[in-house]
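Below: the structure, in structure tokens.
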Amino acid sequence: METDYVFPGRRVTAVSMVLGPVLLLTGTLLRSRFNFFFPDQLRAMSDHPALMTAAYTCFLAGNVLLWPAILALATRIGRTKPALAAWGGLFVLIGLFERTFHAGIDQAALGLAERRGAGFAESVVSESYQDLHLFSFLSFTIMFGWYVLAFATYRAKVLGVVQSIGLATMGLLPLGVLKGTEIVSIIGTAGLCVALVPAGIRVLLESPKPSRKTVLLTAITVPVLGALAFASTLG
């Protein structure tokens with residue numbers, strides 16, 4: 001039987017629209033007290049490991065959680081503006097992949113700072129900062145994709161003017177390895193909250209109530225996933 005289901009579903013999309021931006025803003029604010037450039041970020045990790053771990057973890061989690069929201073926006077845009085939907089959606093998703101790649105490098109460098117000291121980590125990062133890799137050629141998507149997607153949401157009337165501008169402010173967010181917080185970082189992540197959080201809440205409220213079968217399956221699945229998550233840390 002055919003349905004109007006669109007992957008990954010309304011509730012997952014709603015959670016993505018609400019939690020993704022909020023986690024990005026939280027991570028941005030947590031590291032806002034430290035200087036923007038990587039030597040200061042590494043020194044902050046040595047001096048405040050718990051705070052910096054929380055900051056980078058929140059930012060990474062928010063970045064990864066955004067993909068269902070972007071998929072949903074691109075799908076809605078595509079009903080009237082398919083070309084804009086394709087370019088905007090693809091660019092932003094590639095940009096999210098790239099930020100996740102950068103987060104892996106951040107994790108390694110911050111781990112070095114915590115275990116071997118900020119000076120050692122700084123020397124490693126500075127020597128390898130300009131190394132070429134696949135994403136070196138795709139960095140433009142991190143910023144440019146948000147402008148295309150924001151224009152597309154406005155042209156397709158998926159978001160209003162204010163929300164589309166909020167979406168575009170994510171293009172101000174600095175890119176690269178071990179980037180801290182500047183004022184434009186706060187503007188960008190706060191703008192994303194303005195763009196997506198109200199839409200996510202609306203999607204959640206408009207979603208049909210889950211069936212008993214769905215609730216039961218979720219109650220069984222969540223503990224299993226928790227156990228698998230713990231087991232994943234063991235190896």
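The values are calculated or read from the model by the stated rules, or taken from the named source; none is laboratory data. All values derive from a computational prediction rather than experimental measurement. Quick reminder, even Gly has a Cβ in these numbers, built from the backbone with ideal geometry, and neighbours come from all protein chains shown. These accessible areas exclude ligands, DNA and RNA; they are computed on the full protein's heavy atoms, side chains included. Shrake-Rupley method; radii C 1.70, N 1.55, O 1.52, S 1.80 Å.
Some points to look at:
- For region 162-181, a residue qualifies if it is more than 13 Å from the chain's Cα centre (by Cα), under 11 Å from Thr28 (Cβ atoms) and open to solvent by less than 10 Å² (accessible area, probe 1.4 Å), and exactly one does: Gly180.
- Subset tally (residues that are crowded, with 19+ Cβ neighbours inside 10 Å and under 30 Å from Asp4 (Cα atoms)) for region 47-66: 4
- Which listed residue, of Ala86, Ala69, Ala44, is farther than 17 Å from Lys179 by Cβ, open to solvent by less than 60 Å² (accessible area, probe 1.4 Å) and more than 17 Å from the chain's Cα centre (by Cα): Ala86
- The residue of region 203-225 that is farthest from the chain's Cα centre (by Cα), among those that are in contact (Cβ under 8 Å) with a residue 60 or more places away in the chain and in a helix (DSSP H, G or I), is Glu206.
- Residues satisfying the stated conditions in region 28-43, i.e. in a helix (DSSP H, G or I) and in contact (Cβ under 8 Å) with a residue 60 or more places away in the chain: Thr28, Leu29, Phe38, Pro39, Asp40, Gln41, Leu42, Arg43
- Residues (open to solvent by 80 Å² or more (accessible area, probe 1.4 Å) and at pLDDT below 95) located in region 1-32: Met1, Glu2, Thr3, Asp4, Tyr5, Phe7, Arg10, Arg11
- Top-ranked residue of region 130-156 - restricted to ones that are touching a residue at least 40 places away in the same chain (Cβ under 8 Å) and in a loop (DSSP other than H, G, I, E, B), ranked as farthest from Leu24 (Cα to Cα): Ala156
- Filter result for Thr233 (over 30 Å from Leu149 (Cα atoms) and open to solvent by less than 70 Å² (accessible area, probe 1.4 Å)): no
- Qualifying position, being touching a Lys or Arg at 6+ places or on another chain (Cβ under 7 Å) and either modelled with pLDDT of 95 or more or under 20 Å from Asn63 (Cα atoms) (or both), among Ala152, Ala199, Ala118: Ala152
- Test result for Glu98, open to solvent by 40 Å² or more (accessible area, probe 1.4 Å), of a type in the set (D, E, K, R) and within 23 Å of Ala61 (Cα to Cα): no
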